[in-house]
Amino acid sequence: KRLILIGPPGSGKGTQSPIIKDEYCLCHLATGDMLRAAVAAKTPLGIKAKETMEKGELVSDDLVVGIIDEAMKKPSCQKGFILDGFPRTVSQAEKLDEMLAKQGTKIDKVLDFAINDSILEERITGRWIHASSGRTYHTKFAPPKVPGIDDVTGEPLMQRKDDTAAVLKSRLETFHRQTEPVIDYYSKKGMVAKLPAEKPPKEVTVEVQKVLSS
Ligand code: AP5
Ligand code: ZN
C-alpha cells in the first residue's frame with residue numbers, strides 16, 4: 001500500500017504510523033523526523049532547515065521533495081510506504097504524483113486526520129519523544145513507565161523545540177493556509193478518507209484499519 005497521512009500538528013500521524021507500518025509491512029517516511037535528524041547531526045540540510053522549523057514554517061519544497069525521492073528508493077519501501085508529513089503543499093503533491101507516475105505507481109489512499117484545533121495544544125505541550133527511534137509519549141495520554149525515560153532503551157526522552165504553545169499557533173496557521181489545500185487536491189481525485197482523530201489512539205487505529213481493509 002502507498003499511503004499519505006495528512007493532519008495538523010498533534011493529530012496523531014506519528015502515533016498511528018508505526019502501527020500501520022508493522023501491520024502492512026510498509027516503510028514509514030516522516031519528513032519531520034528526517035529533518036530533525038539532519039538538524040541534530042548538523043548536516044548542511046539540517047543547518048538550512050533549523051530556523052524555519054523552529055518558527056513553525058515550511059522548509060522549501062525542493063528540499064523535502066529531494067529527501068522523499070531519495071528515501072522512496074530504499075529496498076524497504078518497495079512493498080509500499082506511509083508518507084507522514086508529506087506532501088504539505090499542492091506543489092509537493094504535484095511533484096510526488098510525477099515521481100510516482102515515472103515509476104508506474106500511484107498513491108492508494110490519503111488519510112485525513114480530522115481534529116479540532118482546540119485539542120491540539122494539550123497534545124503538543126505534553127509530548128515527549130525518544131529522538132533516535134521516533135517513539136512518542138504523552139505525560140497524560142501515553143505516559144512512559146518511568147517519567148522522562150524511554151520504555152525500550154532506558155534512554156532519556158526529550159521535548160521538541162517547536163512544541164510550545166506559541167510555535168504551535170504558527171504551525172497551525174501554516175497547516176490551514178498551505179496544507180489544507182492538499183486535502184482538496186486529493187479529494188477531487190476521490191482518494192481521501194476522513195478519520196475522527198480526536199478519539200483515543202486505539203479507536204483511531206480501528207478506524208484506520210477499517211479504511212485500509214475496505
Ligand atoms: P512534523 O514533524 O511533520 O510535525 P507536525 O506536522 O507538526 O506533526 P506532529 O509531529 O507535531 O504531529 P503528529 O500528528 O505526528 O502527532 P503525534 O502522533 O506525535 O514537521 C515538523 C516541521 O518540519 C514542520 O513544521 C516544517 O518546518 C518541517 N517539515 C516537515 N515536513 C515538511 C514538508 N513536507 N514540507 C516542508 N516542511 C516540512 O501526537 C502528538 C501527541 O499527542 C503525542 O504526545 C501523542 O502521544 C499524543 N496523541 C496522539 N494521538 C492521540 C490520541 N488519539 N489521543 C490522545 N493523545 C494522542
Ligand atoms: Zn509527527
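The values are calculated or read from the model by the stated rules, or taken from the named source; none is laboratory data. The structure presented is a predicted model; accordingly, all values stated were derived computationally and were not measured. Backbone-built Cβ (ideal geometry, glycine too); neighbour counts: all protein chains shown. The protein model used for the area step is the full one, side chains on, heavy atoms only, and it has no ligands, DNA or RNA in it. Shrake-Rupley method; radii C 1.70, N 1.55, O 1.52, S 1.80 Å.
Among the residues of the range 151-197, those that are touching a residue at least 60 places away in the same chain (Cβ under 8 Å), of a type in the set (D, E, K, R) and within 19 Å of residue 12 (Cβ to Cβ) comprise 160, 162, 171, 194. Among the residues making up the range 1-27, those that are closer than 19 Å to residue 182 by Cβ, within 11 Å of ligand 2 (Cβ to nearest atom) and in contact with a strand residue (DSSP E or B) (Cβ under 9 Å, 6 or more places away or on another chain) are 5, 7, 8, 10, 11, 12, 13, 14, 16, 17.
Of the conditions (1) more than 15 Å from ligand 2 (Cβ to nearest atom); (2) touching a residue at least 60 places away in the same chain (Cβ under 8 Å), residue 111 satisfies every one except a single condition; which number is it? Checking residue 111 against (1) more than 15 Å from ligand 2 (Cβ to nearest atom); (2) touching a residue at least 60 places away in the same chain (Cβ under 8 Å), the one that fails is (1). Within this structure, residue 98 passes the test of being more than 19 Å from residue 176 (Cβ to Cβ), open to solvent by 60 Å² or more (accessible area, probe 1.4 Å) and not in a loop (DSSP other than H, G, I, E, B).
Every test in (1) within 16 Å of ligand 2 (Cβ to nearest atom); (2) in contact with a Lys or Arg (Cβ under 8 Å, 6 or more places away or on another chain); (3) in a helix (DSSP H, G or I); (4) closer than 23 Å to residue 80 by Cα is passed by residue 167 save one, and that test is (4). The residue that is farthest from the chain's Cα centre (by Cα), counting only those in the range 69-93 that are within 8 Å of ligand 1 (Cβ to nearest atom) and not hydroxyl-bearing (Ser, Thr, Tyr), is 92. Considering (1) in contact (Cβ under 8 Å) with a residue 60 or more places away in the chain; (2) near ligand 1 (Cβ under 7 Å from one of its atoms), the lone condition that residue 59 does not fulfil carries the number (1).
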